[in-house]
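J.: Have a look at this one.
The values are calculated or read from the model by the stated rules, or taken from the named source; none is laboratory data. Not measured: the values here are computed from a predicted model. A quick note on method: Cβ atoms are made from the backbone with ideal geometry, for glycine too, and the neighbour counts reach across all protein chains shown.
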Amino acid sequence: MNTLHWLSCLIAHNIKQQFSDRKNFLILSFVMFAQNLLFFQMWTIMFSRISNINGWKMEQVAFLFGSLTFGFGIFFFLMGGSNLIARQIHSGALDSFLAQPRPVILSVLFQRIRPDSFGDFLTGLLILLFYVPLAFKPLLLSMILGVSSGLVMVALRITIESLAFWQLSEEAVDNTFISAIIAASNPQVGYGPIAKILILTIIPTGYVAFLPVEIMRSFSMPLFLWQLVASVVCITVAVVVFYRGLRNYSSGNNIIMMR
Amino acid sequence: MSLELTLCTKNAHPPLSKGYVAAFKMGCRQTLHDRVDFVSTTMIYLVLLYIFSTIFRHMPLHELNVAGLRPENMIWYLAMTECIMLGSPGGYTFGAHIIAQGRLSEFLTRPNSLSIFILCWLWGRTITLSLLLFLLSLVIVPLLYQAPLPIELWKISFVVMTIVLSCVILQLIGFIASMVEIFGPFSTQVGWMMSKMTFVLGGLYFPVIFFPLHIQHFAFLTPFPSVLNAVGVHMLPVTDVTILCGFLMQILWLAILLTALYIANKWMIRYVMKTGV
């Protein structure tokens, strides 16, 4: 069985498992969907009183929120294990994945799906359909940018969670990721040159919000390619950090047989 | 002889409040001891303040038609509201753990009430963390974000008082909401919704008084503005009457929520006695 086939079987199995408790799945998805829309209302209320924030209008903020939740939803729905890495490092639960013949990172990431992230995906889709012009090209572009920013978010999550290999506590890991989400999910306006360099290099939240919004405002092929390459670089860095950290991992003596 | 008797009586029946004070102190100590948590919470605080300080500096505040409103007021408003929100992590689900673990019968413990014990511990934790963040903001907001404190120094004691009341109210809302766990494993989802309602209706980033009138009317029918808006409004160019109204609303909601807690507690005990769960 090649890796792709194994991965598709694993995802199918995870989805079936979630659907065995359909009521719970629907409740979690709906609540996430509702709370996202509620949070989004804060910006709609504010933009009913002001015209723009340094050129960012409601459409830009909506695209930022829509593409973020869309991409975040897809990746975190499928890779529900991404936010368990630190906990499993500390508890020694990575052992069971080390014993498998498949790439450790894939086994860890795809160990479960997160039903609440399906609500994120639905929110993103709805906001994009509502705010992006209903034409093939802009819709396709917004979805590609959404997927690309989602990939950067998952890369950030893996990188931050992997810091637990160097004894960063779970709380600190969670709070660092919350900082990244906050930085990514709000309008990035009026940043100075140092801040811009930071969000496009060391803390790559610029590829979640700043650059995709700029591309949507006025399309430029070099910027678009930069965004795509950057998201691939981010995920590569995340994988490298994970495997570097894995060298420091000491077993929790929890080797058990898994499916 | 009488002194000995008094001491004996005290030892045999320690005052109820002593246990609650101990729980409160334990919460305070836990916050002071958990340095990694404090440092990482501070990081979130700094990131939020940086992002919103740039947003507020580029926002056309004159369009809001609030006389004397400057970006500094908004930065300080956010610094205040975030003290409360970041000071209360996971507040909406705490009480639910006891119910989820099937330990509901512990609510029967006497003479001290378990609910008040938990709340005292939570209040100790959150009030300490919120006040620490407030102290930090007094230093970092003027230094890092070039926003001098927009109020006179003597008014800080009022701000501290409203911060304490906000923490008390927020934890009360969270604790009462978490009791929904009795009907099934819904407390996490209810917690998500409650926290987002606090963000929006409480005025986390933008004061409720800037909202359109119909939303303001709706928001002020809920306890959420008493959690965030009442604290942040100290930093806005508003009259003392507006600030006093916010304070009185906090007192009113505190009374309502304490009554609700009393009723919910009674109901839960009756539930345990009836079902034996």
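J.: Out of A:Ile74, A:Ile15, I need the residue that is surrounded by fewer than 17 Cβ atoms within 10 Å (Cβ to Cβ), away from chain B (no Cβ under 14 Å) and in contact (Cβ under 8 Å) with a residue 60 or more places away in the chain. Which one?
T.: Values: A:Ile74 fails: surrounded by fewer than 17 Cβ atoms within 10 Å (Cβ to Cβ).
After ruling out the rest, the residue left standing is A:Ile15.
J.: Looking at A:Phe76, A:Phe70 in this structure, which one is of a type in the set (Phe, Trp, Tyr), at pLDDT 90 or above, in a helix (DSSP H, G or I) and in contact with a Lys or Arg (Cβ under 8 Å, 6 or more places away or on another chain)?
T.: A:Phe76
J.: So how many residues does segment A:166-198 have that are part of a loop (DSSP other than H, G, I, E, B), at the interface with chain B (Cβ under 8 Å from one of its Cβ atoms) and of a type in the set (A, V, I, L, M, F, W, C)?
T.: 1
J.: Select from segment B:57-69 the residues that are more than 9 Å from every other protein chain (Cβ to nearest Cβ) and either surrounded by 15 or more Cβ atoms within 10 Å (Cβ to Cβ) or closer than 18 Å to B:Leu138 by Cβ (or both) and list them in ascending order.
T.: B:Val66, B:Leu69
J.: Restricting the search to segment B:200-223, which residues are under 17 Å from the mean Cα position of the chain (by Cα) and touching a residue at least 40 places away in the same chain (Cβ under 8 Å)?
T.: Those that are under 17 Å from the mean Cα position of the chain (by Cα) and touching a residue at least 40 places away in the same chain (Cβ under 8 Å): B:Gly202, B:Gly203, B:Leu204, B:Tyr205, B:Pro207, B:Pro223.
J.: Shifting gears a bit: Of all residues in segment A:199-227, how many are assigned to a helix (DSSP H, G or I) and more than 18 Å from A:Leu156 (Cα to Cα)?
T.: Counting residues in segment A:199-227 that are assigned to a helix (DSSP H, G or I) and more than 18 Å from A:Leu156 (Cα to Cα) gives 10.
J.: Oh, and also: Just give me the residues in segment A:84-137 being in contact with a Gly (Cβ under 9 Å, 6 or more places away or on another chain), surrounded by fewer than 21 Cβ atoms within 10 Å (Cβ to Cβ) and among the charged types (D, E, K, R), in sequence order.
T.: A:Asp95, A:Arg112
J.: Which residue out of B:Phe117, B:Phe199 is surrounded by fewer than 22 Cβ atoms within 10 Å (Cβ to Cβ) and within 13 Å of chain A (Cβ to nearest Cβ)?
T.: Within the list B:Phe117, B:Phe199, the selection yields B:Phe199.
J.: If only one of B:Ile173, B:Ile151, B:Ile182 is farther than 23 Å from B:Leu49 by Cβ and modelled with pLDDT under 90, which one is it?
T.: B:Ile182
J.: What are the residues in segment B:212-237 that are of a type outside the set (S, T, N, Q), within 14 Å of chain A (Cβ to nearest Cβ) and surrounded by fewer than 22 Cβ atoms within 10 Å (Cβ to Cβ), if any?
T.: B:Pro212, B:Leu213, B:His214, B:Ile215, B:His217, B:Phe218, B:Ala219, listed by residue number.
J.: I'm trying to understand the selection: among the residues of segment A:80-110, which are assigned to a helix (DSSP H, G or I) and aromatic (Phe, Trp, Tyr)?
T.: The answer is A:Phe97, and nothing else.
J.: Check off (1) surrounded by 17 or more Cβ atoms within 10 Å (Cβ to Cβ); (2) within 14 Å of chain A (Cβ to nearest Cβ) for B:Leu131 and give me the number that stays unchecked.
T.: Here B:Leu131 meets the rest and fails (2).
J.: Next question, about the same structure. Of the residues that sit in segment A:18-33 and are within 21 Å of the chain's Cα centre (by Cα) and not hydrophobic (A, V, I, L, M, F, W, C), which one is surrounded by the fewest Cβ atoms within 10 Å (Cβ to Cβ)?
T.: A:Gln18
Residues checked against (1) in a loop (DSSP other than H, G, I, E, B); (2) of a type in the set (S, T, N, Q); (3) within 17 Å of B:Ile163 (Cα to Cα):
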| site | (1), (2), (3) |
| --- | --- |
| B:Ile215 | no, no, no |
| B:Pro225 | no, no, yes |
| B:Thr242 | no, yes, yes |
| B:Gln250 | no, yes, yes |
| B:Trp253 | no, no, yes |
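J.: Consider segment A:37-71. How many of its residues are within 8 Å of chain B (Cβ to nearest Cβ) and either buried (at least 21 other Cβ atoms within 10 Å of the Cβ) or more than 24 Å from B:Gly203 (Cβ to Cβ) (or both)?
T.: 1
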